[in-house]
1. Take the alpha carbon atoms of segment 54-82, find their center, do the same for segment 8-41, and report the distance between the two centers in whole angstrom.
2. With every protein chain present, what is the per residue accessible area of segment 1-157 (1.4 Å probe, Å²)?
3. Can you give the Kirkwood hydrodynamic radius of the chain from its Cα pairs, in Å with one decimal?
4. When the helices in the chain are scored as -39500 (n - 2.57) per DSSP H run of 4 or longer and the sum is shared across all residues, what 222 nm value do you end up with, to the nearest 500 deg cm²/dmol?
5. Round to the nearest 0.05 the FRET efficiency obtained for TRP142 and ASN121 when R0 = 35 Å and r is the Cβ-Cβ distance.
6. What's the carbon and sulfur percent of segment 1-94's accessible surface, probe 1.4 angstrom, rounded to a whole number?
7. On average over all directions, what projected area in square nanometres does segment 167-237 have, based on the convex hull of its Cα atoms?
8. Which one, MET138, LEU112, GLY220, is farthest towards the positive end of the dipole of the chain when Lys and Arg carry +1 and Asp and Glu -1 on their Cβ?
Amino acid sequence: MHGVTTQETFDAVLGHARDDPRWPPDAIVVTGDIVHDESRAAYQRFRDTFEPFGLPVFCIPGNHDQPALMSELLTTPPFQFCGDAKLGAWRVVLLSTFHKGDDAGVLGRDQLAALEASLSNFTEEHILICMHHQPLPMGSAWLDGVGLHDAQEFLKTIDAHNRVRAVLWGHVHQASDRERNGVRFLSTPSTCFQFLPDSDRAVIDTRPPALRWLALEPNGNITTEVDWVDTDGGGGK
Ligand SMILES: [Fe+2]
């Protein structure tokens, strides 16, 4: 894809993570667009790759995914498809923004109502929300045209609660780290190519594949870092 063999860059990113002293993490979050061809074989390969680690793998669908196949192939441990999970003092909420036939995302009235109820009912002090599409503008006209359609409703929902500490997404193939109303908003770059930030049309960036580490601290703070992985053997970080 765009001259990148995505399996190779993905393997390099995973290898980089496994060589890090922080490995193994308590869980892995995969923020969608796991496959591009919506094939069963691709999800099976994904399963075969992650299953041996025995770590929880939280999966949410992206615009290129096939949620029906994900809910068939990625629901038995160590995999979890959407829903929520407890991690120490934190509750991780996995939302689907998949909208059939659309590269943009939608949470929808039912999921927003369920989120509203969950945010009141969770007993954990701190909440991390993960989704595929960006709920805040990225400053790129073309990317913001394929963001989250009901972002305003989502922001209103989380504004009414005071335990949401962070919102995390993929989709935009670039790193960002902002704060809004005391909540951290983070995007994670792709394991393949990146998009040039602040560009109004789609331009492939020269930055390498990447992953994000997240330390969810008991006091609600988040320590996070993006590792850029030089796949040409230069060992960049
Ligand atoms: Fe996407």
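The values are calculated or read from the model by the stated rules, or taken from the named source; none is laboratory data. All figures in this text were calculated on a predicted structure; none of them were measured in a lab. Cβ: placed from backbone, ideal geometry, glycine included. Neighbour counts: every protein chain shown. Heads up: the accessible areas ignore ligands, DNA and RNA and are worked out on the full protein's heavy atoms, side chains in. Shrake-Rupley method; radii C 1.70, N 1.55, O 1.52, S 1.80 Å.
1. So the two Cα centres are separated by 13 Å.
2. 47
3. Result for the chain stands at 18.1 Å.
4. Value at 222 nm, helices only: -7000 deg cm²/dmol.
5. 0.35
6. Its accessible area is 50 percent carbon and sulfur atoms.
7. Taking a quarter of the hull surface, the average projection is 5.6 nm².
8. Farthest towards the positive pole: GLY220.
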